[in-house]
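See below for the structure under consideration.
Just so it is clear, none of the values below were taken in a lab; they were calculated from the coordinates. Given the structure is predicted, the values throughout are model-derived calculations rather than measurements. Heads up, the Cβs are rebuilt from the backbone with ideal geometry, glycines too, and the neighbour counts pull from every protein chain shown.
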Amino acid sequence: MQEIRVRFLRFTVVGASAVLLSGCLVARTQHEEVQRALLLEQAAHRSTMARAYDLEMSLHRAQADRDSRADSLAKREKLLEEAEKLLAQSELDLARATHEHESATQLVDQLREEIGRIGDHLRVFADQKSELQMALEAAEARAKRLGELEKAAARRTTMVRDLTMALHDPVAKGSVGFGVEDGTPVLTFDAASVFLDGTDDVAPETQKLFGDIVAVLAEFDEARIEITESSGDPNVSNDEKLLRLESVAKAFADDGLAPGRVMVSVPPAPPGNTPKKPSKSDSEESPAPKVRITVRTESA
């Protein structure tokens, strides 16, 4: 580019010198022709310079484009290299993950087998536990029941002792019978000593004995008494017996025993047995009627 400019300056100087010299030597027409030729040469030179400049700029653009493409290619190659590295790392990670997945799958299968065996053992243990629990509950219930029975037996023993002590004198004299049937105390009184002569009213002496019995039973809320007539004249109806026994029950109630703790019962008469007019032989053969007082407890 610098060389072209130098040549252009030289040509301009030479042209100017020729014009100056030709003014003196040549005719006007020649001068005009030279001037036209010079203008044409200058125009051609300018066109050449413009083309040279355009070529130079195209060359610069081509070089810049080449350099840009080279940089882009280098970047792409670098990106491709990094992508290949990432792909290789991904393949390695995939292989490692596949191996770990296979190992985890094997471990899961082993754990499932172990869990299955443990489940079988747990079911067996659960069945054994259920059986043992039922046996334990049954043993506890039995022990509780035995404890309650033992406690009840101890209280019955205490009650029998207290009744024996309270009725010691009449029992010793034989006016009151005292016995134990299946662990239950039974008191027997002669009906003649219980009632006043010719009435269903309880005699004062017997009323006092009933009061002693009530005083003992006051310490034992679970105790109930059952009043019956064990034997007697078969010609006396059950209604008459019931009236006398209810008089006994009333006597216990008067001494403070709750009515709910007293029960009166009369055995049913045998079928076809109807009261008949008493005779002297019947009175001699029939045993003396007795009033039975059975002291029962809830556990008895």
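Amide H of Phe195: which non-local residues (sequence gap of 5 or more, or other chain) have their own amide H closer than 5 Å, using H built in the peptide plane?
Ala203
Could you calculate the contour length gain from Arg145 to Arg66, that is, 0.36 nm times the residue separation minus the distance between their Cα atoms, to one decimal place in nm?
17.6 nm
Which FRET efficiency value, to the nearest 0.05, do you get for Lys75 and Val124 by plugging their Cβ-Cβ distance into 1/(1 + (r/R0)^6) with R0 = 51 Å?
The formula returns an efficiency of 0.10 here.
Kirkwood Rh, Cα Rg: Rg to Rh for the range 114-190?
1.53
If you plug each phi of the range 174-183 into the Karplus form 6.51 cos²θ - 1.76 cosθ + 1.60 with θ = phi - 60°, what whole-Hz ³J(HN,Hα) values come out, in order, with x for Gly and Pro?
Karplus-based 3J(HN,Hα) across the range 174-183 equals x, 6, 10, x, 10, x, 10, 10, 6, x Hz.
Distance in nm between label sites at Glu246 and Asp201, each 7 Å beyond Cα in the beta-carbon direction?
In this crude spin-label approximation the distance works out to 1.8 nm.
Going through the range 110-201, which chymotrypsin sites (Phe, Trp or Tyr not before Pro) have at most 11 other Cβ atoms within 10 Å and a DSSP loop state?
Of the chymotrypsin sites (Phe, Trp or Tyr not before Pro), not one in the loops of the range 110-201 has a Cβ with at most 11 other Cβ atoms within 10 Å.
Gap in Å between the Cα centre of the range 86-103 and the Cα centre of the range 144-190?
Comparing the Cα centres of the range 144-190 and the range 86-103, I get a distance of 93 Å.
Given a cut-off of under 8 Å on Cα pairs at least six residues apart, what relative contact order in percent is computed for the range 127-252?
20 percent
Between Ser175 and Asn238, what FRET efficiency follows from the Cβ-Cβ distance if R0 is 30 Å, with the result rounded to 0.05?
Taking R0 as 30 Å, the efficiency between Ser175 and Asn238 is 0.70.
Going down the list Lys173/Lys241; Lys173/Lys250; Lys250/Lys290, which pairs span over 22 Å between their C-alpha atoms? Intermediate results must be reported in sequence, preceding the final value.
Working: Lys173/Lys241 26 Å; Lys173/Lys250 26 Å; Lys250/Lys290 18 Å.
Checking Cα-Cα distances, Lys173/Lys241; Lys173/Lys250 exceed 22 Å.
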